[in-house]
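J.: Mind having a look at this structure? Questions to follow.
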Amino acid sequence: MSACYPHFEDPTWSKEQIQKLTKIFPDGQIVIKVDDKIVACALSIIIDYKQFENKHTYLDITGNDTFNTHKPEGDTIYGLDMMVHPKYRGLRLGRRLYDYRKDLCEELNLKGIVFGGRLPNFHKFNDLSAREYIRKVKEKEIHDPVLDFQLSNDFQVKKVVKNYLPDDLASESYAALLEWSNINYEKPAKLYIPEKSEVRIGLVQWGMRPYKNYEELTEQIEYFVEAVSGYRADFVLFPEYVNAPLMAEYNHLSEPDAIRKLAEYTERLRDTFAEFAISYNTNIITGSMPEFKDDVLLNVGYLCKRNGEVERYEKIHVTPDEERIWGMKGGNQIKTFDTDAGKIGILICYDVEFPELSRLLAMEGMEILFVPFLTDTQNGYSRVRNCAIARAIENECYVAVAGSVGNLPKVHNMDISFAQSVVFTPCDFSFPTTGIKAEATPNTEMILIVDVDLNLLKELHEKGSVRTKKDRRTDLYEVIAKKKV
């Protein structure tokens, strides 16, 4: 890639990106070898094209280079890249790669192939618009090595796209959106299964109080899961440090030793939550628990799905107290989760105060952000609450926050709690004017059951009074995760 794109500042694909592509869509990644040396390659994913239509950027299509936009059940192959080493051009290797993609498209019975084509000679014609430049290339008045080649391979220009690749200075960030249609495509006959739009969320405003043992704690957890499940909720959200009452047994120890003893319950409690998720047919977000492995103390939680799958998330930013008193470290996992009730993100307490995290999750398609938290004072709670409202507006998503109430008189550094659990919405005409869908009674142990409509978010993305997801100046600034998960 460095040889093919010498003018790009950092043109190479990472090893992790190639590994992910070959894992999620192996048939879409192809190379040509000459004497055992790779001299050409083509990379692609499958997308549900109606989600993007003709107005998108390269980062939109790739999910900010995460490829989470790949949908095996989609209808279109999207070409991410195609390159032939300069020393091996003129051998029709590119044509062979295109032919392979067309054969694959027909084999998979997809509608067609779409990609954004660079305009490498466009910068030489300052007096022409991108549309005029493409027209002159089609009429053979101007030679463009990329577009000429694509047109000769039966691709048709659908649209001119601005800011497609902001770093492509030769194309002045423009691209030609090209399409090849599969004339043999047959619309598959399948049963109509309505898409789930209404999602029911259950928030547990958990009461911090002494428990005699692990069994008594999990009995109370099961009580809440059963209660919320009785309302056929899709999600149950517990707060941060849900198992903190068990630390009372170790109050004679130093704070760092006590939290590490509490961490010994984490794996067992995770398995208990997973059993509850299956038996009560609901997706459980376990809040968080301490985890001590390889001499590193983290704050982690689990998404226990009702189909039996268990996924893990980490607190990225630990508070000054967590670091100073317990010696806790921040985690590294920033990712969304696919569920049977939409794509969700989970940020633990302090993490919601860092807008970059939720922005990354929103770029991956997050619809609901869950925030388990634990705050001792109203000051701390106000920080979580106000930042959660902002995250809902700027990312055009629902944000559900659930915290703990009550007191733990025999647990150092966890003695008091203040909370009010809430579901926040964007502030637009289809939503409450205050941005508050529903809220619990402050500082009272209870559950809050709330319905949210995911279709309202899709309408907001396209027709909202303001469209913060679409109107971001990605040509001017962007947020990038440096460490891929």
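The values are calculated or read from the model by the stated rules, or taken from the named source; none is laboratory data. Fair warning: this is a prediction, and the values are worked out from it, not measured in the lab. In this analysis, Cβ positions are derived from the backbone assuming ideal geometry, glycine residues included, and neighbour counts consider all displayed protein chains.
J.: Considering 281, 243, which residue is surrounded by fewer than 19 Cβ atoms within 10 Å (Cβ to Cβ), of a type in the set (S, T, N, Q) and touching a residue at least 40 places away in the same chain (Cβ under 8 Å)?
T.: Sole residue among the options that is surrounded by fewer than 19 Cβ atoms within 10 Å (Cβ to Cβ), of a type in the set (S, T, N, Q) and touching a residue at least 40 places away in the same chain (Cβ under 8 Å): 281.
J.: Here's a follow-up. Just one of 242, 236 is under 22 Å from residue 307 (Cβ atoms), under 29 Å from the mean Cα position of the chain (by Cα) and of a type in the set (Val, Ile, Thr); which is it?
T.: 236
J.: Restricting attention to the stretch 134-192, and to residues there that are assigned to a strand (DSSP E or B) and either more than 30 Å from the chain's Cα centre (by Cα) or hydroxyl-bearing (Ser, Thr, Tyr) (or both), which single residue is farthest from residue 119 (Cα to Cα)?
T.: Among those that are assigned to a strand (DSSP E or B) and either more than 30 Å from the chain's Cα centre (by Cα) or hydroxyl-bearing (Ser, Thr, Tyr) (or both), it is 181.
J.: Quick one: in the stretch 368-396, which of the residues that are crowded, with 21+ Cβ neighbours inside 10 Å and among the small types (Gly, Ala, Ser) is farthest from residue 427 (Cα to Cα)?
T.: Applying the filter and picking the extreme gives 388.
J.: Farther than 30 Å from residue 58 by Cα, free of Cβ contacts under 8 Å to residues at least 24 places away in the same chain and assigned to a helix (DSSP H, G or I): does that describe residue 216?
T.: When the stated conditions are applied, residue 216 passes them.
J.: Hand me the list of helices (runs of 4 or more DSSP H) wholly inside the stretch 1-118 holding 1 or more residues that are under 23 Å from residue 184 (Cα atoms) and in the same structural domain as residue 150 (by TED's automatic domain parsing).
T.: 93-107
J.: Please note which strands (runs of 3 or more DSSP E) are completely contained in the stretch 367-485 and include at least 2 residues that are polar (S, T, N, Q) and either in the same structural domain as residue 250 (by TED's automatic domain parsing) or free of Cβ contacts under 8 Å to residues at least 60 places away in the same chain (or both).
T.: Fully inside the stretch 367-485 and qualifying: 404-407.
J.: Can you tell me which residues in the stretch 445-485 are of a type in the set (Ser, Thr, Tyr) and modelled with pLDDT of 95 or more?
T.: Result: no residue meets the conditions.
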